[in-house]
Amino acid sequence: MTKTRLSLAFPDGHPGGDFLVIGARGGDDLSPLEPARTRIRQGNFPDHRALSDRGYAVAPEVEGRFDAALVVLPRAKAEGRARIAESAARLQPGAALWVDGQKTDGIDSMLRDMRALASVDEVHSKAHGKIFRVTVPSGEWLPADWTARKHEVAPGFVTRPGVFSADGIDPGSAMLADALPDRMPTRVVDLGAGWGWLSAQALARPGIETIHLVEAEHAALESARDNIRDPRAQFHWADAREFTLREPVNGVIMNPPFHDGRTAEPRIGGEFIAAAARLLTGAGRLWMVANRHLPYETVLAQHFAQVHEVRGDTRFKVIEATGAGRGAARKGRR
């Protein structure tokens, strides 16, 4: 979203009444909206924190009714539809539902869909995107399958719209699970745990007394809670790059992300590696999977004494690292 498009929609500032925003990112310019009269639903932990720091009332889930709403389209089509259905359910007939998005996130397709379902006006184009207003009709006007629902992707495992690998088990995670040792360490952290499949595979092996599932996406973590009922599992809605525990652990597993939206950001994986090193004892082990082309070995060598590829193919590599805190970064400080 850009300030330009929002200012085109609201040239006189806040449109009045209690306003709901679903999907605004931490860096979005929401200056036309008054924080005291705006509620934001944002389930991504870093974005949630950034918006809260700016004075907005933010929550991963919202209740109640509103006078108007704005939906910011995500990349995933199913999640975008679910956001519109959620917003519409919290508005009265005749209320304004605004939809904003980039062309690359499907705003043109969504505009066509909405024109076939309701009255649409106030279409503004700017900065490779659009914002438009929908007047909410009375009755059941949206297709029933737009409402967010849990989706079973494997026996005993459900996901929600918009989470990573929502349609099935990620092949990289599958390779990592297959490479885990027959007996796991006693205290394990799953950084970026997603909907819990990898943690479930680790828990199926003997050894674990406690596993911490750390996930920034609230919807993914809620899916993980559905999928793992094991009392050894502890769930943390947090930024994995900053996650800490009082006591170190002796195992970390992870399939770190390397995109921020549509932008490739390999540094995110590097920050996951640094976080893993901080969490581990010197004798602990890190097991991670990454796309073959990502140059993580240099970062791993900065934080770990021993780094070995233990499995891989042309697409992925599984790496085991030990000696946390005894890598090149520590040697350089001597």
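The values are calculated or read from the model by the stated rules, or taken from the named source; none is laboratory data. Note that this is a predicted model, so its numbers are computed, not measured. Cβ coordinates were reconstructed from backbone atoms using ideal geometry, including for glycine residues, and neighbour counts include every protein chain displayed. Heads up: the accessible areas ignore ligands, DNA and RNA and are worked out on the full protein's heavy atoms, side chains in. Shrake-Rupley method; radii C 1.70, N 1.55, O 1.52, S 1.80 Å.
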Quiz item: Residue separation times 0.36 nm, minus the C-alpha to C-alpha distance between residue 209 and residue 291: what's the value?
Solution: 26.5 nm
Self-check item: Listed residue (146, 184, 174) projecting farthest to the positive dipole end of the range 134-201, Cβ model
Solution: 184
Quiz item: For the Cα atoms of the chain, what angle does the longest principal axis make with the long axis of helix 267-279, in degrees from 0 to 90, nearest 10?
Solution: 50
Practice problem: Pairs of Cα atoms under 8 Å, at least six residues apart: use those to get the relative contact order of the chain, whole percent. | Solution: 11
Practice problem: Round to a whole angstrom and tell me the spacing of the C-alpha centers of the range 82-120 and the range 1-55. | Solution: 17
Exercise. Could you tell me whether the range 110-165 comes out rounded, prolate or oblate from its Cα gyration tensor? Rule is a ≥ b ≥ c as square roots of the eigenvalues, rounded for a/c under 1.5, then prolate if a/b exceeds b/c, otherwise oblate.
Key: oblate
Exercise. Average the reciprocal distances over every distinct pair of alpha-carbons in the range 224-297, invert the result, and give the Kirkwood radius in Å.
Key: 13.8
Quiz prompt | Computed over the range 82-122, the ratio Rg/Rh where both radii use C-alpha atoms and Rh is Kirkwood | solution = 0.95
Practice problem: List the pair-distance distribution P(r) of the range 56-200, using every Cα-Cα distance, as the percent of pairs falling in each 5 Å bin from 0 up to the bin containing the longest distance, rounded to whole percents. | Solution: 2, 8, 16, 17, 15, 13, 9, 8, 6, 4, 2, 1, 0
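Rolling a 1.4 angstrom probe over the protein heavy atoms, how many square angstrom per residue are accessible across the range 175-270?
Normalised by residue count, the accessible surface of the range 175-270 is 42 Å².
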Quiz item: So what is log10(I(q)/I(0)) for the range 171-248 at q = 0.16, 0.18 1/Å, when the Debye sum runs over its Cα atoms only?
Solution: -0.54, -0.69
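Using only C-alpha positions, report the orientation-averaged shadow area of the convex hull of the chain, nm², one decimal.
Result: a mean projected hull area of 18.4 nm².
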Practice problem: Over 24 Å between C-alpha atoms is what I'm after, so list which of 77/130; 77/150; 150/317 land there. | Solution: 150/317
Self-check item: Quotient of C-alpha Rg and 2.2 N^0.38 Å, computed over the range 4-90
Solution: 1.01
Self-check item: For the range 49-131, the fraction of alpha-carbon pairs in successive 5 Å shells from zero, as %
Solution: 3, 13, 23, 24, 20, 14, 4, 0
